[in-house]
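Asker: One structure, as structure tokens, below. Some questions next.
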Number of protein chains: 2
Amino acid sequence: MSVLVAVTGWDVAHWVERFQRLLPGRTVVALGGDYDPASIHYAVSWKHPAGSLSELPNLKAIFSLGAGVDHLMNDPHLPDVPVTRVVDPDLTARMSEYVVMHALMVLRQQRRYQKQQAETVWLDDRDQPAAQDVRVGVMGLGVLGRDALDKLQVMGFSVSGWSRSAHLIDGVACFSGEDGLKPFLAQTDILVVLLPLTPDTRGMINAELLKGLAQDGALPKPVLINAGRGGLQNETDILACLEDGSLGEAILDVFETEPLPAASPLWHHPRVVVSPHNAAMSAPDAIGQLVARQIGRMEQGQPLLHLVEMKRGY
Amino acid sequence: MSVLVAVTGWDVAHWVERFQRLLPGRTVVALGGDYDPASIHYAVSWKHPAGSLSELPNLKAIFSLGAGVDHLMNDPHLPDVPVTRVVDPDLTARMSEYVVMHALMVLRQQRRYQKQQAETVWLDDRDQPAAQDVRVGVMGLGVLGRDALDKLQVMGFSVSGWSRSAHLIDGVACFSGEDGLKPFLAQTDILVVLLPLTPDTRGMINAELLKGLAQDGALPKPVLINAGRGGLQNETDILACLEDGSLGEAILDVFETEPLPAASPLWHHPRVVVSPHNAAMSAPDAIGQLVARQIGRMEQGQPLLHLVEMKRGY
């Protein structure tokens, strides 16, 4: 009854050591190591190579080491076993910190005042709109989207949400489906993207969508904050919308290609903010503990938490 | 029954016009204009010249056009009439926006990631502490301090407060008086100063106080955020503490001399953030409305709101 660690881009040895510590008495092995495939009951994955989990006859479950599971969807040979995501309260709090911080920096024109400091300029023409006059629209109403909406509301912003399926959230105007998208965008000054990446959402943040944002808001121009997945966005379109004046700023934590290539014009565009996909990160130990708890639940016959609907894609 | 507008540094004509509009049927005059001193019943002041309100025999009240009233305390000839401050919900919200934004920028190392973007560096070593491991201590537990504490708590920070007199606030460790200051500082990683400026608090943010901040916290070094009054701080001491390593960053919205002189080393210190005393500003119309409402209350025999205790100084 072994646990297989199948990660790329992360330090495998650290993860093996971590799970060994968290699951005393069990054997923890790394993908490609020396083990009997029939001994593997659980796989923990972060971007495992496609097909690498397909020849494990006794596999019972796959645990994504992140909140996103799009990395699993790219594997056409993914075994037909339950898949769970990580839902970590710390990760949720992190994401809201990022969203609230950037929304406040836009509201309070923080980049303007930083520039003024660099230029030794003391100037305050007090033309900042009130938070309640700035409408933040959150796309994606899962755990992350709802927590961000709560905290944006506490800070005084007017908020609304959009999701594929209908939601009801106290005090939040909720839009849904294809029909709800245009009206949602038309009343949004700051668009916060926290969608999962699925075949339906891939490339969704394109010129057509961005041009649908409110052009009559209290901010000079609408602003995009994408902290979801890079695959959601069309970067050529984002740059075009910044140039043609339909978009004021783009605050991006995720990119079509990560790390963002040095040649990307996003790096040095004066109205683009780049962060290295760190809006929300979990402490590795916290992730390990959550996965170890899931294995414990399974062995005690309890239902797994945070199951992924593979057909829906998240 | 006239209203006298006595302001310096602000556009007097705009304020006269505003009060004329808000107080139809009343005469509104500017200090130094052509009026009978006996006709003045109310004065609205922002930094009026000392002595300029002393020869108004029928003056009934003075209305500060700001939350702070230290500008009135400098007038030894201030008439002995009720004085009120502005307590504007918008101003309170503004101040909390500033405090929460800067606390989050410290927590999330926003300046580091801005620098990395400028240098085309994609690097995330994920060494950011959790908000709950960062202790924010707020000095001053009036309306502004309490609102900031609420919102910092919502964002996940551990919070405490210090005030001259004892306070009880749900979920907040409150320290008070001279005896409480050292223990308060010793458990504070981010010090937020929202104190009123009085003879007791002048120059209080000095080297001795700053060296008392926690040196064992989750941040590399303690951080100062002063959004109260510049007179609270000793800028020579702040710079010395940044240099000797007892202070990590100073985020200052207020200064001993404002505008901050171009020669001040604060402008270009790599660990100082300067903003032009705009952390919390009210819309002039909102201030005007609040003062007009106070005049209405007085004439209807209702008690004035937000009275200043002149002996206490705030």
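The values are calculated or read from the model by the stated rules, or taken from the named source; none is laboratory data. Model, not experiment: these values are computed from the prediction. Ideal geometry is used to build each Cβ from the backbone, glycine not excepted, and the neighbour counts take in all protein chains shown. Quick note on the areas: whole protein, heavy atoms, side chains included, nothing else; ligands and nucleic acids left out. Shrake-Rupley method; radii C 1.70, N 1.55, O 1.52, S 1.80 Å.
Asker: Open to solvent by 10 Å² or more (accessible area, probe 1.4 Å) and either within 14 Å of another protein chain (Cβ to nearest Cβ) or among the β-branched types (Val, Ile, Thr) (or both): which single residue out of A:Thr201, A:Thr188 fits that description?
Answerer: On the way: A:Thr188 fails: open to solvent by 10 Å² or more (accessible area, probe 1.4 Å).
Just a single option satisfies the conditions, and that option is A:Thr201.
Asker: A further question follows. For A:Leu104, state whether it is within 7 Å of chain B (Cβ to nearest Cβ), open to solvent by less than 30 Å² (accessible area, probe 1.4 Å) and either farther than 21 Å from A:Pro196 by Cβ or assigned to a helix (DSSP H, G or I) (or both). Outline the logic, then answer.
Answerer: Numbers: within 7 Å of chain B (Cβ to nearest Cβ): yes; open to solvent by less than 30 Å² (accessible area, probe 1.4 Å): yes; either farther than 21 Å from A:Pro196 by Cβ or assigned to a helix (DSSP H, G or I) (or both): yes.
Spelling it out, A:Leu104 is indeed within 7 Å of chain B (Cβ to nearest Cβ), open to solvent by less than 30 Å² (accessible area, probe 1.4 Å) and either farther than 21 Å from A:Pro196 by Cβ or assigned to a helix (DSSP H, G or I) (or both).
Asker: Take B:Asp75 and decide whether it is in a helix (DSSP H, G or I), surrounded by fewer than 21 Cβ atoms within 10 Å (Cβ to Cβ) and among the acidic types (Asp, Glu). Walk me through it before giving the result.
Answerer: Details: in a helix (DSSP H, G or I): no; surrounded by fewer than 21 Cβ atoms within 10 Å (Cβ to Cβ): yes; among the acidic types (Asp, Glu): yes.
Answer is no for this residue.
Asker: Another question, then. Considering the range A:283-302 alone, what residues qualify as being assigned to a loop (DSSP other than H, G, I, E, B) and either away from chain B (no Cβ under 12 Å) or open to solvent by less than 10 Å² (accessible area, probe 1.4 Å) (or both)? Even if it seems obvious, please write down each step before you answer.
Answerer: Of all residues in the range A:283-302, those assigned to a loop (DSSP other than H, G, I, E, B) come to A:283, A:300-302.
Residues satisfying the conditions are A:Gln300, A:Gly301, A:Gln302.
Asker: Of the residues A:Leu91, A:Leu78, only one is within 23 Å of the chain's Cα centre (by Cα) and at pLDDT below 95; which?
Answerer: A:Leu91
Asker: If you don't mind, there's one more thing I want to ask. Within the range A:83-93, take every residue that is assigned to a helix (DSSP H, G or I) and more than 8 Å from chain B (Cβ to nearest Cβ) and give me the one that is surrounded by the most Cβ atoms within 10 Å (Cβ to Cβ). Even if it seems obvious, please write down each step before you answer.
Answerer: Here is the first cut: in the range A:83-93, the residues assigned to a helix (DSSP H, G or I) are A:89-93.
In the following step, the residues that additionally are more than 8 Å from chain B (Cβ to nearest Cβ) were identified as A:89, A:91-92.
Working: A:Pro89: 13, A:Leu91: 22, A:Thr92: 20.
Within the range A:83-93, the match that is surrounded by the most Cβ atoms within 10 Å (Cβ to Cβ) is A:Leu91.
Asker: Of these, B:Tyr98, B:Tyr113, which one is among the aromatic types (Phe, Trp, Tyr), closer than 30 Å to B:Val291 by Cα and within 11 Å of chain A (Cβ to nearest Cβ)? If you could, list the steps in order and put the result at the bottom.
Answerer: Details: B:Tyr113 fails: closer than 30 Å to B:Val291 by Cα.
On inspection, the qualifying residue turns out to be B:Tyr98.
Asker: Restricting the search to the range A:254-268, which residues are within 10 Å of chain B (Cβ to nearest Cβ), open to solvent by less than 70 Å² (accessible area, probe 1.4 Å) and closer than 22 Å to A:Pro222 by Cα?
Answerer: The answer is A:Phe255, A:Leu266, A:Trp267.
Asker: Now for a different question. Among the residues of the range B:250-282, how many are hydrophobic (A, V, I, L, M, F, W, C), touching a residue at least 12 places away in the same chain (Cβ under 8 Å) and not in a strand (DSSP E or B)? Give the derivation first.
Answerer: Restricting attention to the range B:250-282, the residues satisfying the condition of being hydrophobic (A, V, I, L, M, F, W, C) are B:250-252, B:254-255, B:260, B:262-263, B:266-267, B:272-274, B:279-281.
Of the ones still in play, those that are also touching a residue at least 12 places away in the same chain (Cβ under 8 Å) are B:250-252, B:254-255, B:260, B:266, B:272-274, B:279-281.
Remaining after also requiring not in a strand (DSSP E or B): B:254-255, B:260, B:266, B:279-281.
Final tally of qualifying residues: 7.
Asker: On to the next question. So B:Asn226 fits all but one of (1) of a type in the set (S, T, N, Q); (2) open to solvent by 10 Å² or more (accessible area, probe 1.4 Å); (3) under 15 Å from the mean Cα position of the chain (by Cα); (4) within 21 Å of B:Pro183 (Cα to Cα); what number is the exception?
Answerer: Exception for B:Asn226: condition (2).
Asker: Inside the range B:6-20, can you point out the residues that are touching a residue at least 12 places away in the same chain (Cβ under 8 Å) and out of contact with any strand residue (DSSP E or B) (no Cβ under 9 Å at 6 or more places or on another chain)? Lay out the reasoning, then the answer.
Answerer: Step one: filter the range B:6-20 for residues touching a residue at least 12 places away in the same chain (Cβ under 8 Å), giving B:6-10, B:12-16, B:18-19.
The answer is B:His14, and nothing else.
Asker: Inside the range B:107-139, can you point out the residues that are small (Gly, Ala, Ser) and surrounded by 15 or more Cβ atoms within 10 Å (Cβ to Cβ)?
Answerer: Filtering the range B:107-139 down to residues small (Gly, Ala, Ser) leaves B:118, B:130-131, B:137.
The answer is B:Ala130, B:Ala131, B:Gly137.
Asker: Moving on. Inspect the range B:57-64 for any residue being open to solvent by less than 30 Å² (accessible area, probe 1.4 Å), touching a residue at least 60 places away in the same chain (Cβ under 8 Å) and within 14 Å of chain A (Cβ to nearest Cβ) and give the result as yes or no.
Answerer: So the first thing to find is which residues in the range B:57-64 are open to solvent by less than 30 Å² (accessible area, probe 1.4 Å), and the list is B:59, B:61-64.
Of the ones still in play, those that are also touching a residue at least 60 places away in the same chain (Cβ under 8 Å) are B:61, B:63-64.
In the following step, the residues that additionally are within 14 Å of chain A (Cβ to nearest Cβ) were identified as none.
No, that holds for no residue.
Asker: Please work out if B:Leu232 is more than 14 Å from every other protein chain (Cβ to nearest Cβ), in contact with a strand residue (DSSP E or B) (Cβ under 9 Å, 6 or more places away or on another chain) and among the aliphatic types (A, V, I, L, M). Can you show your working first?
Answerer: Working: more than 14 Å from every other protein chain (Cβ to nearest Cβ): yes; in contact with a strand residue (DSSP E or B) (Cβ under 9 Å, 6 or more places away or on another chain): yes; among the aliphatic types (A, V, I, L, M): yes.
Against the criterion (more than 14 Å from every other protein chain (Cβ to nearest Cβ), in contact with a strand residue (DSSP E or B) (Cβ under 9 Å, 6 or more places away or on another chain) and among the aliphatic types (A, V, I, L, M)), B:Leu232 qualifies.
Asker: In addition: Among the residues of the range A:33-48, what is the count of those that are open to solvent by 60 Å² or more (accessible area, probe 1.4 Å) and in contact with a strand residue (DSSP E or B) (Cβ under 9 Å, 6 or more places away or on another chain)?
Answerer: Residues of the range A:33-48 open to solvent by 60 Å² or more (accessible area, probe 1.4 Å): A:34, A:36, A:47.
From the residues that got through so far, the ones that are in contact with a strand residue (DSSP E or B) (Cβ under 9 Å, 6 or more places away or on another chain) too are A:36, A:47.
The total comes to 2.
Asker: Now for a separate question. Would you confirm whether any residue within the range A:39-60 is of a type outside the set (Ser, Thr, Tyr), within 30 Å of B:Val154 (Cβ to Cβ) and either assigned to a loop (DSSP other than H, G, I, E, B) or out of contact with any Cys (no Cβ under 9 Å at 6 or more places or on another chain) (or both)? Write out each step before concluding.
Answerer: The first filter runs over the range A:39-60 and keeps only residues of a type outside the set (Ser, Thr, Tyr), leaving A:40-41, A:43-44, A:46-51, A:53, A:55-60.
With the extra rule that they be within 30 Å of B:Val154 (Cβ to Cβ), the set shrinks to none.
Looking for residues that are of a type outside the set (Ser, Thr, Tyr), within 30 Å of B:Val154 (Cβ to Cβ) and either assigned to a loop (DSSP other than H, G, I, E, B) or out of contact with any Cys (no Cβ under 9 Å at 6 or more places or on another chain) (or both), one finds none in the range A:39-60, hence no.
Asker: On to the next question. If you scan the range B:278-314, which residues turn out to be farther than 21 Å from B:Pro196 by Cβ and not small (Gly, Ala, Ser)?
Answerer: Matches in the range B:278-314: B:Pro284, B:Asp285, B:Gln289, B:Arg293, B:Ile295, B:Arg297, B:Met298, B:Glu299, B:Gln300, B:Gln302, B:Pro303.
Asker: Could you pull out every one of the strands (runs of 3 or more DSSP E) wholly within the range B:118-224 that has 1 or more residues that are modelled with pLDDT of 95 or more and within 26 Å of B:Asn74 (Cβ to Cβ)? Outline the logic, then answer.
Answerer: Numbers: elements: B:135-139, B:158-163, B:173-176, B:190-193.
It comes to B:135-139, B:158-163, B:190-193.
Asker: Has the range B:140-156 got any residue that is within 14 Å of chain A (Cβ to nearest Cβ), free of Cβ contacts under 8 Å to residues at least 24 places away in the same chain and open to solvent by less than 10 Å² (accessible area, probe 1.4 Å)?
Answerer: Yes, the range B:140-156 has at least one match.
Asker: Quickly run through the range A:293-307 and pick out the residues that are touching a residue at least 24 places away in the same chain (Cβ under 8 Å), more than 22 Å from A:Arg94 (Cα to Cα) and in contact with a helix residue (DSSP H, G or I) (Cβ under 8 Å, 6 or more places away or on another chain).
Answerer: Once the filter is applied, which keeps residues that are touching a residue at least 24 places away in the same chain (Cβ under 8 Å), more than 22 Å from A:Arg94 (Cα to Cα) and in contact with a helix residue (DSSP H, G or I) (Cβ under 8 Å, 6 or more places away or on another chain), the range A:293-307 yields only A:Leu304.
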